[in-house]
Amino acid sequence: MALFYTQSRLVKDHPLNKEWIDLHYLSDKEMRLWWSAFSQIIVRDYEENGMPPRKGTDEVDIYRQFRSLVSCDVDKQISRDTTDGGAVILNSLRIPAATHFFENMYVAKDKQGDKWISVMDVFKNPLEFDSIRLIKNDARFVYSDYASGRVSIEEYISDHYDKYDFWFHHPAKKSKHLFGKVHGKVSDVKSLAATKVLDKRVLLDLEGFSDSDIVYLKQITRGTRILPLGFTVFQSSTIMAPTNFPSVVAKTIYSKFALPKEGDDGVIIWDPSMGFGGRLLGALSTVDRKIHYIGTDPNSLNYFHGGNSRYGNLERVFKSEIRSRRDNFTGTYIK
């Protein structure tokens, strides 16, 4: 069993990981069939390979994050509030490495209405949830941008046809962000589709609108597939995965307050709710003092037969990269 996950090849390279523009123009029936089949691949990747529906990163970058956290200047993470003399600990250094040791975050359940569901439940029961419509219509503005310029639709497409695919959006109301964006009448778009300047599929975007209605040109880099960009939508639509405690914040707290007493050569830190390792990673990275980290957590999925745990895996891998930590850190992890 791998000690941590990195990036999935199964899902991203799978033929069902379609180009976004093709998914956008599926019928409702075709979309439901695709979503059901694609969800099965995501579930299989999780159950067989321990790979959650997340973009992830590679092993080299995980080690780089460890080193970046160790070298972080905690004084730069503290901001003084001049109004009352207080201080705020920032989270300006994003270090998600701990999360890669806890793929089970995606089976943690949260209450939605009268049900308790997890991110993985969405994929196991795909037709009960409507997450995919957010991707089909790019409702979170993940895939496509409005085309900008004071030119006609035809001129813009002619200049950018080799790079982008195009579709059309009719906003419910005009707003400031549409100023300077390429637009035209529905009748203009129909003419361009008739002369094959545009793929005729764009006519599906115009259904229900009159010829005089104004639509805006949206562009997407040609060849863009559903994943990995879609992972951000999956994680924040029907149900959100738990968030991890920021390791840089934990390190700042330990550095400032977990100080050895005079005559002692180290400190003991007790974490009463270890969660998914964010605070543990903060303690591991506080390398300028000897630490005995004692953590408790009731989540049985974080422990393995034989006494090992995901927390132990994080400690072991961290010490394999930051060798100076081998002799002055011990961890005790209690279920």
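Identification of helices (runs of 4 or more DSSP H) wholly contained in the range 233-333 with 2 or more residues that are surrounded by fewer than 22 Cβ atoms within 10 Å (Cβ to Cβ) and in contact with a strand residue (DSSP E or B) (Cβ under 9 Å, 6 or more places away or on another chain) yields 247-257, 310-321. Any chance the range 14-34 includes a residue that's over 30 Å from Arg201 (Cα atoms) and in contact with a helix residue (DSSP H, G or I) (Cβ under 6 Å, 6 or more places away or on another chain)? Checking the range 14-34: not a single residue is over 30 Å from Arg201 (Cα atoms) and in contact with a helix residue (DSSP H, G or I) (Cβ under 6 Å, 6 or more places away or on another chain).
With Ser210, Ser175 as the choices, which residue is hydroxyl-bearing (Ser, Thr, Tyr), free of Cβ contacts under 8 Å to residues at least 40 places away in the same chain, open to solvent by 20 Å² or more (accessible area, probe 1.4 Å) and under 18 Å from Asp138 (Cβ atoms)? First the steps, then the outcome.
Details: Ser210 fails: under 18 Å from Asp138 (Cβ atoms).
Going through Ser210, Ser175 in turn, the sole match is Ser175.
Among the residues making up the range 1-13, those that are touching a helix residue (DSSP H, G or I) at 6+ places or on another chain (Cβ under 8 Å) and under 14 Å from His100 (Cβ atoms) are Leu3, Phe4, Tyr5, Thr6, Ser8. Candidates Leu198, Leu203, Leu127, Leu134: the one that is open to solvent by 20 Å² or more (accessible area, probe 1.4 Å), touching a helix residue (DSSP H, G or I) at 6+ places or on another chain (Cβ under 6 Å) and in contact (Cβ under 8 Å) with a residue 24 or more places away in the chain is Leu134.
The single condition from (1) out of contact with any strand residue (DSSP E or B) (no Cβ under 9 Å at 6 or more places or on another chain); (2) buried (at least 19 other Cβ atoms within 10 Å of the Cβ) that Arg94 fails is (2).
Considering the range 1-30, the residues that are hydrophobic (A, V, I, L, M, F, W, C) and modelled with pLDDT under 90 include one that is most open to solvent (accessible area, probe 1.4 Å), namely Met1.
The values are calculated or read from the model by the stated rules, or taken from the named source; none is laboratory data. Everything numeric here is computed off the predicted structure, so don't read it as measured data. Glycine gets a Cβ as well: all are built from the backbone with ideal geometry, and neighbour counts include every protein chain shown. Remember, those area values only see protein heavy atoms, side chains included, never the ligands or the DNA or RNA. Shrake-Rupley method; radii C 1.70, N 1.55, O 1.52, S 1.80 Å.
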